[in-house]
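Peer 1: My questions will all concern the structure given below.
Nothing in this text is a laboratory measurement; each read-out follows from the coordinates by a stated rule. Just so it is clear, the structure is predicted and the values come from calculations on it, not from any experiment. As a convention, Cβ positions derive from the backbone with ideal geometry for all residues, glycine included, and neighbour counts pool all protein chains shown.
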Amino acid sequence: MSKVLLDFYGSTCIPCKQLLPILDEFAKNNPDIEVRKLDVEDNMQIAHQYNVRSLPSVFMVQDDIVVSSFVGYRNLSDIQNLADQSYY
């Protein structure tokens, strides 16, 4: 089972900048989940595929299926809980 957390962010987005160190910590604590950070300006086609409308937008993906997502800032425990509950 392939688990990936996709973070769509913008370089001038303040909540995005606040979320980056939280996601770094999440990645450190969850080596089995690949964390990918995608600047929407450089990845517009992928952002469009995921229907990104607001930033930051984060998607939990397992085996190429979005199993959960959120928009905006979240703390580490919220993201960990989401990850723990979202996989089948």
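Peer 1: Which value, in debye to the nearest 20, gives the size of the charge dipole of the chain about its Cα centre, when Lys and Arg are +1 and Asp and Glu are -1 at the Cβ?
Peer 2: For this selection, approximately 200 debye.
Peer 1: So what is the relative contact order of region 44-88, in percent, for Cα pairs below 8 Å that sit 6 or more residues apart?
Peer 2: After rounding, I find 30 percent.
Peer 1: Quick one: length gained pulling Gln49 to Ala27 fully straight, 0.36 nm per residue minus the C-alpha distance?
Peer 2: The span from Gln49 to Ala27 would gain 5.6 nm if fully extended.
Peer 1: Something else about it: Gln85 to Asp64: FRET efficiency via 1/(1 + (r/R0)^6), r the Cβ-Cβ distance, R0 22 Å, to the nearest 0.05?
Peer 2: Efficiency at R0 = 22 Å is approximately 0.70.
Peer 1: Starting with the highest mean, order 23-33, 3-13, 57-67 by the number of other Cβ atoms within 10 Å, averaged over the residues of each peptide.
Peer 2: Most protected by this proxy first, the peptides run 3-13, 57-67, 23-33.
Peer 1: Additional query: Determine the calculated [θ] at 222 nm for the chain from helices alone, applying -39500 (n - 2.57) to every DSSP H run no shorter than 4 residues and normalising by the residue count; nearest 500 deg cm²/dmol.
Peer 2: After summing the helix terms and dividing by residue count, I get -11500 deg cm²/dmol.
Peer 1: Find the relative contact order for the chain and round it to a whole percent, using C-alpha pairs within less than 8 Å whose residues are 6+ positions apart.
Peer 2: It rounds to 39 percent for the chain.
Peer 1: What distance in nm separates the two pseudo spin-label positions at Asn75 and Asp42, each 7 Å out from Cα along the beta-carbon direction?
Peer 2: For the pair Asn75/Asp42, the computed spacing is 3.1 nm.
Peer 1: If you bin every alpha carbon distance in the chain into 5 Å steps from zero, what whole percent lands in each bin?
Peer 2: Binned Cα distances yield the sequence 3, 15, 29, 27, 19, 7, 1, 0.
Peer 1: Write down the percent of antiparallel bridges among all DSSP beta bridges whose residues are both part of the chain, to the nearest 5.
Peer 2: The answer is about 65 percent antiparallel.
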